[in-house]
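This report concerns only the one structure given below.
The values are calculated or read from the model by the stated rules, or taken from the named source; none is laboratory data. Keep in mind it's a predicted model, so treat the numbers as computed, not measured. All Cβ positions, glycine included, derive from the backbone under ideal geometry; neighbour counts span all protein chains shown. Side chains included, ligands, DNA and RNA excluded: accessible areas come from the protein's heavy atoms. Shrake-Rupley method; radii C 1.70, N 1.55, O 1.52, S 1.80 Å.
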Amino acid sequence: MADAVRVDSWLWAVRVYKTRSAATTACRAGHVRVNGDKAKAAQQVRIGDELRVRIAGFDRILVVRQTL
């Protein structure tokens with residue numbers, strides 16, 4: 001199991017976004033925050049990190065329990 005993975009890859013793997021490309025676009029648009037800071041698509045996430053993802057005007061708060 002990996003220690004850290006890219007945020008766009010993780011969001012795609014847990015099916016928050018339908019494609020990795022959509023996850024990357026959301027990161028570029030500023031709709032993804034990791035531990036309160038805006039995230040770039042290549043930013044690494046680790047177990048215990050909190051992600052805030054804005055989808056359709058609502059924030060989803062996710063906590064990384066496992067990496068891929």
| remark: For THR67, the net charge from surrounding residues (Cβ-Cβ under 13 Å; K, R +1; D, E -1) works out to +1
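Taking Cα pairs under 8 Å and at least six residues apart, what relative contact order does the chain come out at, in percent?
33
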| the chain - percent of accessible surface contributed by carbon and sulfur, probe 1.4 Å | 50
| message | Here are labelled values, (i) 64; (ii) 60; (iii) 50, and one is the computed percent of Cα pairs over 14 Å apart for what I pasted. Which one? | response | (iii)
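Calculated from DSSP H runs of 4 or more alone, at -39500 (n - 2.57) each and per residue, what is the 222 nm mean residue ellipticity of the chain, nearest 500?
-6500 deg cm²/dmol
Taking only protein heavy atoms into account and a 1.4 Å probe, give the accessible area per residue of the chain in Å².
Each residue of the chain exposes 65 Å² on average to a 1.4 Å probe.
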| request: Rounded to the nearest 0.05, what FRET efficiency do ALA22 and ILE61 give with R0 = 25 Å and r taken as the Cβ-Cβ distance? Could you check? | output: 0.85
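Exposed loop trypsin sites (Lys or Arg not before Pro) only (DSSP loop, at most 11 other Cβ atoms within 10 Å): please give the longest stretch of the chain free of them, not including the sites.
So the longest stretch without any such site is 19-64.
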| query | Which net charge results when you count Lys and Arg as +1 and Asp and Glu as -1 among the other residues whose beta-carbon is under 12 Å from that of ASP37? | reply | +2
